[in-house]
Amino acid sequence: MTKNLPTYEGVLFDLFSALLDSEPLWSEIAGGAEAGESWRRECTRLAYSASEYRPFAELVAEVVPPPRAAALLRGLGEDLRPWPEAPEVLRRLSEHVRIGVVTNCSEELGRRAAALVGVPLDAVVTAEAAGAYKGRPEPYRLALERLGVEPSRALFVAGSPGDIPGARGVGMDVCWHNRRHLPLGEREPPLAEIDSLEQVLALAG
C-alpha cells in the first residue's frame, strides 16, 4: 500500500457480486455462460446509466425474456450462495465495525438476497429505497446515513468496476473484489484490488 490506512468505522459491500456468487444463476437461466454474462452485463449497464429510478423488475424485463425474467428474479432472492469466506469475514468485521450492503434492486429482493449471506447486517440499502441506482450518489449516501458513519471513515467493497467511481465520489475509500479478474478499463484504480474477501480484514484494520 502507498498510504496509511485509517481504522474504518463502517464497511459497505456490493451484494450480488462482492458477497454473493450470482454468475452461475445467470448462466443457468440463460442456458449458457456467454448468454448469461451478456444479460448480466446489459442489466448492469442499464442500471448504471439510468438517470431516474424505475422498478428493477422492469429493467430486467428489457433484457431477459419472460418467463426467464421471473425465474431470474426469484433465484436472485432464493438460490444464491455467498462466496465461501464471506460469512466468516463479515462476522469478524462486525466485531469492530458496522457493516452493510448497497445493491441495485428492489426492497423485497434486497432483503431476501441479503439474508442469504447468513450474517446480520447493520444496513441493507437498495436502489428502490434510495430512489436511484448506483453509481449515482444517493444509494451510497443513504447507506452511510443508516450506518451513522462519515464517508471518510467508511470502506466500500465494490463487486464491479462501475461501483468504484460512484462510491469514491461520495468520499469513501474503495477496494474492488475482482474475483473474476475483470479488466478495470480506463477507470482510476481503487485503493486495492483483491480476489478474496479475507483481504478486507487487513484493509479494515
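Since every read-out is calculated from the coordinates, none of them should be taken as a lab result. From a predicted model like this one, the values you see are computed outputs, not experimental measurements. Here Cβ is always computed from backbone atoms with ideal geometry, including for glycine, and neighbour counts include all displayed protein chains.
Farther than 26 Å from P190 by Cβ and not in a helix (DSSP H, G or I) - does that describe any residue in the stretch 19-34?
Scanning the stretch 19-34, I find at least one residue that is farther than 26 Å from P190 by Cβ and not in a helix (DSSP H, G or I), so the answer is yes.
Which one of these is over 18 Å from the mean Cα position of the chain (by Cα) and either aromatic (F, W, Y) or part of a helix (DSSP H, G or I) (or both): E62, E52?
When all the criteria are applied, what remains is E62.
Could you tell me which residue of the stretch 66-90 is surrounded by the most Cβ atoms within 10 Å (Cβ to Cβ), considering only residues that are among the charged types (D, E, K, R) and assigned to a helix (DSSP H, G or I)?
It comes out as R68.
Find the residue count for the stretch 91-117, including only residues that are within 28 Å of L59 (Cβ to Cβ) and assigned to a helix (DSSP H, G or I).
Total meeting the criteria: 9.
Has the stretch 152-161 got any residue that is of a type in the set (V, I, T) and in contact with a His (Cβ under 7 Å, 6 or more places away or on another chain)?
yes
Go through the stretch 124-162 and report how many residues are small (G, A, S) and more than 13 Å from the chain's Cα centre (by Cα).
Of all residues in the stretch 124-162, those small (G, A, S) come to 127, 129-132, 135, 143, 148, 152, 154, 158-160, 162.
Narrowing further to those that are more than 13 Å from the chain's Cα centre (by Cα): 129-132, 148, 152, 154.
Result for the stretch 124-162: 7.
Read through the list (1) surrounded by fewer than 20 Cβ atoms within 10 Å (Cβ to Cβ); (2) farther than 17 Å from S27 by Cβ, then give the number of the only condition that G110 fails.
(1)
Can A167 be described as within 18 Å of L93 (Cα to Cα) and in contact (Cβ under 8 Å) with a residue 24 or more places away in the chain?
Spelling it out, it is not the case that A167 is within 18 Å of L93 (Cα to Cα) and in contact (Cβ under 8 Å) with a residue 24 or more places away in the chain.
Determine whether A202 is over 21 Å from S22 (Cα atoms) and part of a helix (DSSP H, G or I).
Yes; evaluated as a whole, the condition is true for this residue.
Please enumerate the residues belonging to the stretch 170-205 that are among the β-branched types (V, I, T) and either without any contact (Cβ under 8 Å) to a residue 60 or more places away in the chain or out of contact with any strand residue (DSSP E or B) (no Cβ under 8 Å at 6 or more places or on another chain) (or both).
From the stretch 170-205, those among the β-branched types (V, I, T) are 170, 174, 194, 200; that's our starting set.
Selection gives V170, V174, I194.
Within the stretch 23-65, work out how many residues are without any contact (Cβ under 8 Å) to a residue 40 or more places away in the chain and either closer than 22 Å to E128 by Cα or surrounded by 17 or more Cβ atoms within 10 Å (Cβ to Cβ) (or both).
Total meeting the criteria: 20.
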